[in-house]
Amino acid sequence: MTLLGLSGTDWTAIGSIATVISIAVTLWVAYGHRGGSTRQEDRSAEPSDSSPPDDTTGDEPAPKWPPDAHFEVPETPPRLRPVRSGNDLLGLVRSAQAYDAGNDDPRSTDEAEQLADAQSAIFGWVEASDVIDHPGEWVRAGFELTELIEELEANGWTVYGTVVPKRLVVGDQSMPWSTAVLRIKRTTQAQAA
């Protein structure tokens, strides 16, 4: 049976979309829209953190999440795996709603500069991934990130990444809220990871 020319499957899909929109609007109202990117940077120390991100930057007051908002996370987070190309890296960040980056401590000013430049470049493409809609830009991003990964590897670093599949739960509704976890580790330490 169809209603308004739509089958039962169509109405089920519309219901799912409406649920996601409802959760998003609830969070937008409760969390407070502050402009800019919709992607959240997950600053948790571990990828298995189960509380909403604390996005306190600058002098702005901390956002207010609904009191019953929480993350459901897997009992065993996925293992970090080597990221060998820009396209692999983009695949990780494009499939997630949050981003959690880290690196081994630098041992010199040169290492600090290299890591800072690499993290800034990666984060720039993470932020841009929300608005890139032209295939040529994805080619450019993948190429630039591959060059960056190769430069890091040539200097004794390995980029690791994974996506931690979380669900954001508000009341009796939930939606996917995965976190892309990226780490830049010294090659000698990375072997043991």
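The values are calculated or read from the model by the stated rules, or taken from the named source; none is laboratory data. Given the structure is predicted, the values throughout are model-derived calculations rather than measurements. Neighbour counts are summed over all protein chains in view; Cβ atoms, including those assigned to glycine, are modelled from backbone coordinates with ideal geometry.
Tell me which residues, restricted to the range 151-165, are over 11 Å from the mean Cα position of the chain (by Cα) and either buried (at least 21 other Cβ atoms within 10 Å of the Cβ) or among the aliphatic types (A, V, I, L, M) (or both).
LEU152, ALA154, TRP157, THR158, VAL159 - these are the residues of the range 151-165 that are over 11 Å from the mean Cα position of the chain (by Cα) and either buried (at least 21 other Cβ atoms within 10 Å of the Cβ) or among the aliphatic types (A, V, I, L, M) (or both).
Search the range 80-136 for residues being closer than 18 Å to THR162 by Cβ and either outside the structural domain of THR179 (by TED's automatic domain parsing) or among the acidic types (Asp, Glu) (or both), and hand back the single one that is nearest to the chain's Cα centre (by Cα).
Here the residue is ASP100.
Only one of (1) under 30 Å from HIS70 (Cα atoms); (2) modelled with pLDDT of 95 or more; (3) of a type in the set (Ser, Thr, Tyr) fails for SER129. Which number is that?
Result: SER129 fails condition (2) only.
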